[in-house]
1. Select from the stretch 134-156 the residues that are aliphatic (A, V, I, L, M) and at pLDDT 95 or above and list them in ascending order.
2. Being within 19 Å of Ile214 (Cβ to Cβ), touching a residue at least 12 places away in the same chain (Cβ under 8 Å) and open to solvent by 60 Å² or more (accessible area, probe 1.4 Å) narrows it down to one residue among Arg92, Arg117; which is it?
3. For the stretch 141-179, which positions are of a type in the set (Ser, Thr, Tyr), within 18 Å of the chain's Cα centre (by Cα) and open to solvent by 30 Å² or more (accessible area, probe 1.4 Å)?
4. Which residues, taken from the stretch 59-106, are of a type in the set (A, V, I, L, M) and closer than 18 Å to Asp127 by Cβ?
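The values are calculated or read from the model by the stated rules, or taken from the named source; none is laboratory data. These numbers come from a predicted model, not from an experiment. All Cβ positions, glycine included, derive from the backbone under ideal geometry; neighbour counts span all protein chains shown. SASA here: full protein model, heavy atoms, side chains in, ligands and nucleic acids out. Shrake-Rupley method; radii C 1.70, N 1.55, O 1.52, S 1.80 Å.
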Amino acid sequence: MERFADSHDSFYISEVAEQANELAASIPQLLEKITLLQAAVNDFAKLNLEEGTIPEESFGYIPLDLGEFFAKIFALEQALTLDVDYRHPELRHRPCTFLEVGCGGGRLVHLLSCTDRFNFDKIHGFDISEPMIKAGQARYGLGSNLFVEDCLTFDYSGYDVVFFYRPLQDDDAETAFENRLIETLKPGTFIVGAGQESLDNNRKVVAKDDQNSIFKRL
């Protein structure tokens, strides 16, 4: 019994040591990612982004607090993991296509693109302001992942997840955008709506969190 205990303890110690070495080896990469994300945030804050001419009912670009944004993304990930339509045999959920509406210069698109923490295989963003899109494209090298579009006329059917932070200040215009979003989305699409106006009263979607900011298109 003592020999078995000794051999078992040796095996356990060896396994723990191996895991510790793997963790130590991953720390430089983790620190590099943190540095990259921090630089992206700081660089974006220094950009002199001109919004250009935007419709009267639209908001100028208002950055969403990063803590709040990632809290919503983690809540989204949990909802996707529990959803039968998004099951995957090895990953938390199957890879998804992601779109940000009213992305400004693409800060959040860039941040999501810099990490492999989330299972997004395509990350796009659009804004109605061409100068902001061009500035973001030039700074972050996102190319066609950022583009100019109008949220009131865009066809959203090509995405699994659509995120927005209330792009329109006029309540009626915001409701019109949200109706357009729902009408063009394919069934099963998830919506993450920070500052949404009407989704919690729409029978074509169902809430997937307690904060009424994550919905699934029925």
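1. Residues satisfying the conditions are Leu146, Val148, Leu152.
2. Arg92
3. Ser144, Ser157, Tyr165
4. Residues satisfying the conditions are Ile62, Leu64, Leu99, Val101.
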